[in-house]
Amino acid sequence: MDEYRIEIKKSAAKELKKIQERDQERIIERIRSLAQDPRPPGSKKLSGEEKYRIRQGAYRILYQIFDDIILVVVVKIGHRKGVYKK
C-alpha cells in the first residue's frame with residue numbers, strides 16, 4: 001500500500017501553534033501516523049461531512065481523505081470542547 005501524503009491547512013497549523021509544546025509533539029506524531037493508515041482504529045467518520053476525526057488526549061484532529069490521489073488533508077485541530085463548532 002502506498003504511503004499517503006499529508007497536507008495541513010494554514011488555519012490548522014495556526015491552531016496547532018497555540019497548543020502547549022508537549023501536546024503539539026503528540027499531535028504531530030499522530031498526524032504523521034495517518035500517512036501509513038488514514039483510517040486507524042479509533043478514527044470516526046463525521047456524520048453529514050466527508051471528514052474523519054481522531055483523538056489525541058483532549059484534542060481532536062479533523063481531516064479529509066482523498067484515496068484517488070493518496071492524500072490526507074488536516075483541516076482542523078482543537079480542544080474537544082470547541083473543535084466541532086463552526
Determine, yes or no, whether VAL73 is among the aliphatic types (A, V, I, L, M), touching a residue at least 40 places away in the same chain (Cβ under 8 Å) and surrounded by 14 or more Cβ atoms within 10 Å (Cβ to Cβ).
-> yes
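To keep it simple, each residue is scored yes or no on (1) touching a His at 6+ places or on another chain (Cβ under 8 Å); (2) buried (at least 16 other Cβ atoms within 10 Å of the Cβ); (3) part of a helix (DSSP H, G or I); (4) touching a residue at least 40 places away in the same chain (Cβ under 8 Å).
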{"residue": "GLU7", "(1), (2), (3), (4)": "no, no, no, yes"}
{"residue": "LYS14", "(1), (2), (3), (4)": "no, no, yes, no"}
{"residue": "ARG22", "(1), (2), (3), (4)": "no, no, yes, no"}
{"residue": "ARG32", "(1), (2), (3), (4)": "no, no, yes, no"}
{"residue": "ASP37", "(1), (2), (3), (4)": "no, no, no, no"}
{"residue": "GLU50", "(1), (2), (3), (4)": "no, no, no, no"}
Would segment 77-86 turn up any residue that is touching a helix residue (DSSP H, G or I) at 6+ places or on another chain (Cβ under 6 Å), in contact (Cβ under 8 Å) with a residue 24 or more places away in the chain and surrounded by 10 or more Cβ atoms within 10 Å (Cβ to Cβ)?
-> yes
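Computed from the coordinates by the stated procedures, all read-outs in this text should not be read as laboratory data. All values derive from a computational prediction rather than experimental measurement. Ideal geometry is used to build each Cβ from the backbone, glycine not excepted, and the neighbour counts take in all protein chains shown.
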